[in-house]
Amino acid sequence: MVVAKKWIYAKAFSGLPTADNFRLEEETLDGELKENEFLTEAVYLSVDPYMRPFMTQHPEGSVMIGGQVAKVLDSKNPKFPKGSYVVGAFGWRTHAICNPDEVAPEWKPYPLPDFDGEPLSLGIGVLGMPGQTAYFGFLEICKPKEGETVVVSGAAGAVGSLVGQIAKIKGCKVIGIAGTEAKCEWIRSLGFDHAINYKTADVEAELKKAAPDGVDCYFDNVGGSTAEIVRKQMNLFGRISVCGTISDYNSEPTQVSDPQRDFVWKQLRQEGFMVFRWNDRMSEAFGQNLQWIKEGTLKYRETITEGFENMPQAFIGMLTGENIGKAVVKV
Ligand SMILES: NC(=O)C1=CN([C@@H]2O[C@H](COP(=O)(O)OP(=O)(O)OC[C@H]3O[C@@H](n4cnc5c(N)ncnc54)[C@H](OP(=O)(O)O)[C@@H]3O)[C@@H](O)[C@H]2O)C=CC1
Ligand SMILES: C/C=C/C(C)=O
C-alpha cells in the first residue's frame, strides 16, 4: 500500500493560472497489481506549456496531466520490471498504477533508455519529448540548408534552446528571441549568432539588422506579433515550423495582419505539428541528441524546483518565463 499525492485541477483556468486553480489531495493505492500493471514513484516531473491549453479540455476535479520520470516499485509487467525507470504520462502524481494497454497511443509509457551516465531528468527534457520536438519539428519541417538564416522564438526554453543549437550544428546562422538579458546572454554562449530580447528591443528593427538578407526558416514557439514580424522578413521559399503559440495560452490571440499575401508572393510554407507524429522514430532523436551531448555540440540546462508540493509554482513560473532551459520538478 502507498499513499499517493496528486494535484487536482480544482478550478478552470482563466488567464494566468494561480494557486487557486490547484488542490493537493492524497489517495491510497492498495490491493494486488493486476496482470500487465506496474506501480511507480515519481522522481522528476515535467511542467510544460501545453498543460495550460490542454487542461481546459478536462473537467474540474481531474488530476493535472503531465509526464514524469518514475521508478517502478512493483510490477506485473515484464517490460517494466521492479527497480527500472520509466517515462510516462502519469500526471501530477507521486505514485501511479499503470496498465500500458489502457493508455492512448500518443502517451504510452516507455522504459527509460540508457542515458550513458547523463541525469535521469533528461528523460523529460533533451532526451525526451522536448528533445524530440526540437529535433523533428525543426529538421523535418524547416529542412534547413547550410548557410541559411534561422530564427527561433522561445529561444532560451526547453525546445527553443535545442532548436538553435541543432541549427548551428547544421551550419546555419541563428537568431534567437527570448524574454530577458540573462536568457539572451546564455543563448549567445551556446553559439547563437544573435539574441533579441523581445521585452526591451524593437524586434522588427533588430531582426532587420541581424538578418539583413532575410530569414529562411522560422521555428515558432510563441505565435502572435513576434510571428508576424518574422513572417514579414521571410525570404522566398521560406519555411515556418509552428511548434506552439505560448503568447496566447493565457489570453486571447493577438490580432495580426492577414498573412495570405506573404504566403503567396514569397511562396512560403508553414506547417504546424504535434511531436507525437514521430513517436515511431523516437529512438532516432534520442540517439542523435545523446550523441551531440556527448560530443559537446548540444548543451542543455534545467531549472529545477525542489518538492512535489511546489508543482503549481513551477508551472506558473515556467509560464511567466522564470525558467532557463527545461523546467523540472524534483520530488
Ligand atoms: N507542437 C508540439 O508537439 C510541442 C510544442 N511545444 C511548444 O513549444 C513551446 C515551448 O515549449 P517549452 O520549450 O517546453 O517551454 P519553455 O521552456 O520555452 O518555457 C516557456 C517559455 O515561454 C516564454 N513565454 C511565456 N509567455 C510568453 C509570451 N507571451 N510571449 C513569448 N514567450 C513567452 C517564456 O520565456 P521568455 O522569458 O522568453 O518569455 C517561458 O520561459 C510552447 O509553445 C509549447 O507549447 C512544446 C512541446 C511539444
Ligand atoms: C505535446 C505538446 C504540444 C504543445 C502544443 O505544446
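Scanning region 93-113 turns up no residue that is under 20 Å from ILE316 (Cβ atoms), in contact with a Leu (Cβ under 8 Å, 6 or more places away or on another chain) and either of a type in the set (A, V, I, L, M, F, W, C) or not in a loop (DSSP other than H, G, I, E, B) (or both). Only residues that are farther than 24 Å from GLY154 by Cα and not in a loop (DSSP other than H, G, I, E, B) were counted across region 48-68, and they come to 1.
The rows are residues; the columns are (1) modelled with pLDDT of 95 or more; (2) near ligand 1 (Cβ under 8 Å from one of its atoms); (3) over 26 Å from ILE65 (Cβ atoms).
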site: LEU120; (1), (2), (3): yes, no, no
site: CYS142; (1), (2), (3): yes, no, yes
site: VAL150; (1), (2), (3): yes, no, yes
site: GLY179; (1), (2), (3): yes, yes, no
site: CYS184; (1), (2), (3): yes, no, yes
site: PHE192; (1), (2), (3): yes, no, yes
site: ILE196; (1), (2), (3): yes, no, yes
site: LYS199; (1), (2), (3): yes, yes, yes
site: ASP216; (1), (2), (3): yes, no, yes
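Here is a list of conditions, (1) in contact (Cβ under 8 Å) with a residue 12 or more places away in the chain; (2) more than 10 Å from ligand 1 (Cβ to nearest atom); (3) open to solvent by 40 Å² or more (accessible area, probe 1.4 Å), and VAL264 meets all of them except one; can you say which number that is? Status for VAL264: all satisfied but (1).
Here's the yes/no breakdown for (1) away from ligand 2 (no atom under 16 Å from the Cβ); (2) polar (S, T, N, Q); (3) open to solvent by 20 Å² or more (accessible area, probe 1.4 Å):
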residue	(1), (2), (3)
CYS172	yes, no, no
ILE177	yes, no, no
THR180	yes, yes, yes
SER189	yes, yes, yes
GLU204	yes, no, yes
PRO212	yes, no, yes
GLU228	yes, no, yes
GLN233	yes, yes, yes
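Quick grid of which residues meet (1) away from ligand 1 (no atom under 15 Å from the Cβ); (2) on the phi > 0 side of the Ramachandran plot; (3) in contact with a helix residue (DSSP H, G or I) (Cβ under 6 Å, 6 or more places away or on another chain); (4) open to solvent by 50 Å² or more (accessible area, probe 1.4 Å):
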site: ASN279; (1), (2), (3), (4): no, no, no, no
site: ASN289; (1), (2), (3), (4): no, no, yes, no
site: ILE293; (1), (2), (3), (4): yes, no, no, no
site: GLY296; (1), (2), (3), (4): yes, yes, no, no
site: TYR300; (1), (2), (3), (4): no, no, no, yes
site: PHE308; (1), (2), (3), (4): yes, no, no, no
site: MET311; (1), (2), (3), (4): yes, no, no, no
site: GLY321; (1), (2), (3), (4): no, yes, no, no
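Just one of the listed residues (PHE138, PHE80) is on the phi < 0 side of the Ramachandran plot, part of a helix (DSSP H, G or I) and either within 16 Å of ligand 2 (Cβ to nearest atom) or buried (at least 20 other Cβ atoms within 10 Å of the Cβ) (or both), namely PHE138. Apart from one condition, LYS71 fits all of (1) touching a residue at least 40 places away in the same chain (Cβ under 8 Å); (2) open to solvent by 50 Å² or more (accessible area, probe 1.4 Å); (3) touching a Ser or Thr at 6+ places or on another chain (Cβ under 7 Å); the exception is (1). Before we move on, is VAL256 outside the structural domain of PRO17 (by the TED database) and either open to solvent by less than 40 Å² (accessible area, probe 1.4 Å) or closer than 20 Å to LYS170 by Cβ (or both)? For VAL256, the condition - outside the structural domain of PRO17 (by the TED database) and either open to solvent by less than 40 Å² (accessible area, probe 1.4 Å) or closer than 20 Å to LYS170 by Cβ (or both) - is not met. The residues in region 178-217 that are among the acidic types (Asp, Glu) and within 20 Å of ARG239 (Cβ to Cβ) can be counted, and the count is 3.
The values are calculated or read from the model by the stated rules, or taken from the named source; none is laboratory data. All values derive from a computational prediction rather than experimental measurement. Positions of Cβ are generated from backbone atoms using ideal geometry, with glycine treated the same way; all protein chains shown enter the neighbour counts. Side chains are part of the model used for accessible areas, which takes the heavy atoms of the whole protein and leaves out ligands, DNA and RNA. Shrake-Rupley method; radii C 1.70, N 1.55, O 1.52, S 1.80 Å.
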